[in-house]
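Working notes, beginning with the structure itself.
The values are calculated or read from the model by the stated rules, or taken from the named source; none is laboratory data. Since this is a predicted model, take the numbers as computed values, not measurements. For neighbour counting, all protein chains shown are included, and Cβ atoms are generated from backbone atoms with ideal geometry for every residue, glycine included.
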Amino acid sequence: MSDDFRSGYISIVGRPNVGKSTLLNHILQQKLCITSRKPQTTRHNIIGIKTIDNTQFVYVDTPGLHKGGKKAMNRYLNRAASSAMMDVNAIVFVIEALNWTDEDQQVLEKIKDAKVPVILAVNKIDQLDDKGSLLPFLAELGKKMAFDDIVPLSALKGKNLEPLEQSVRKLLPVCEPFYPEDQITDRSERFLASEIIREKLMRRLGQELPYGISVEIESFVEEGSMYRIHAVIWVERKGQKIIVIGKGGSMLKSIGKDARVDMEKLFDTKIFLELWVKVKEGWSDDERALRSLGYTDV
Ligand SMILES: Nc1nc2c(ncn2[C@@H]2O[C@H](COP(=O)(O)OP(=O)(O)OP(=O)(O)O)[C@@H](O)[C@H]2O)c(=O)[nH]1
Ligand SMILES: [Mg+2]
């Protein structure tokens, strides 16, 4: 191992939907975290580990910090993201180019309290029609706090990620790696399977429905070269159950098929997946129900 091997923890934080999970997936060059066009996709802090010659980056993807929503679930998401700012070596604060909002301002205040070095990642630059307005925007951002660096990038297109990673490396201490070099996360395959199913639900269902949905893996069994997985999709009302199942079971079938394809890629094995939809009224505003569904990491 080289004398200046560095390792450390880096939290990726920001308001919902700015592209935190997309960024981590592209840094890892693997789809570990789920993403969607809807805010509040990520519900748990998820570690993504990248080990190269002289560095082990231990990134933490976090739920989007947000204001709206008063349910137990919203409190849980904000608590999870806030807790991830403590005891890390660096924070990557993700925002959207040319779009500084009140929620970004609130995230900034929290970050200042954390007293950890911060790199600002200005994401989605591929979307800009008017590239000329980026420089003045970056100059304004530079006045908001003493960022260690400001890096405009596109997580989705994998553009300018290297300068970000180089800046992050500079903030990590000389230290032995925490994890074996081939490990990419500390989460179980069981957890990752439930997330993949949730992603398909987030992506396929209409605006409001996904927030009342949770996925629980009832059994996860290795049978020869195949995983047999049974999962329950918990919804809050009977009407939601009907929507998730779809006409003649069509919606559930597509969700199952999409999830299976992704699982086969991630786990590199054949998957047999069975999905059930069940109703648990008001679970997303019930602290105890949240805990029983695995929302316990903070
Ligand atoms: N055009 C463009 N879209 C992006 C980029 N990065 C992310 N997106 C899109 O933005 C949406 C949100 O991405 P996510 O990675 O799920 O965002 P997030 O910050 O993790 O969101 P939460 O988990 O809800 O907090 C998705 O539709 C992504 O495809 C980018 O660089 N360019
Ligand atoms: Mg996310």
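Points worth noting:
- Single match in Lys31, Lys38 (criterion: surrounded by fewer than 19 Cβ atoms within 10 Å (Cβ to Cβ), in contact (Cβ under 8 Å) with a residue 60 or more places away in the chain, under 20 Å from Phe191 (Cα atoms) and not assigned by TED's automatic domain parsing to the domain that holds Lys200): Lys31
- Count of residues meeting criterion [surrounded by 12 or more Cβ atoms within 10 Å (Cβ to Cβ) and closer than 21 Å to His230 by Cα] in the range 277-291: 7
- Gly64 being assigned to a loop (DSSP other than H, G, I, E, B) and within 15 Å of ligand 1 (Cβ to nearest atom): yes
- Residue in the range 86-104 that is within 28 Å of Ser214 (Cα to Cα), part of a helix (DSSP H, G or I) and either within 16 Å of ligand 1 (Cβ to nearest atom) or not small (Gly, Ala, Ser) (or both) present: yes
- Being of a type in the set (S, T, N, Q) and within 20 Å of Gly158 (Cβ to Cβ) is a property that holds for Ser36.
- Annotation for the range 53-60: at least one member residue is more than 7 Å from ligand 1 (Cβ to nearest atom), part of a strand (DSSP E or B) and under 10 Å from the mean Cα position of the chain (by Cα).
- Given (1) over 17 Å from Glu195 (Cβ atoms); (2) of a type in the set (Asp, Glu); (3) in contact (Cβ under 8 Å) with a residue 12 or more places away in the chain, number of the condition Asp262 does not satisfy: (1)
- Taking the range 205-298 as the region of interest, the strands (runs of 3 or more DSSP E) fully inside it that hold 3 or more residues being charged (D, E, K, R) and more than 23 Å from Gln40 (Cβ to Cβ) are 214-223.
- Screening the candidates Gly19, Gly48, Gly14 for the property of being modelled with pLDDT of 95 or more, closer than 23 Å to Val107 by Cα and away from ligand 2 (no atom under 11 Å from the Cβ) yields one hit, Gly48.
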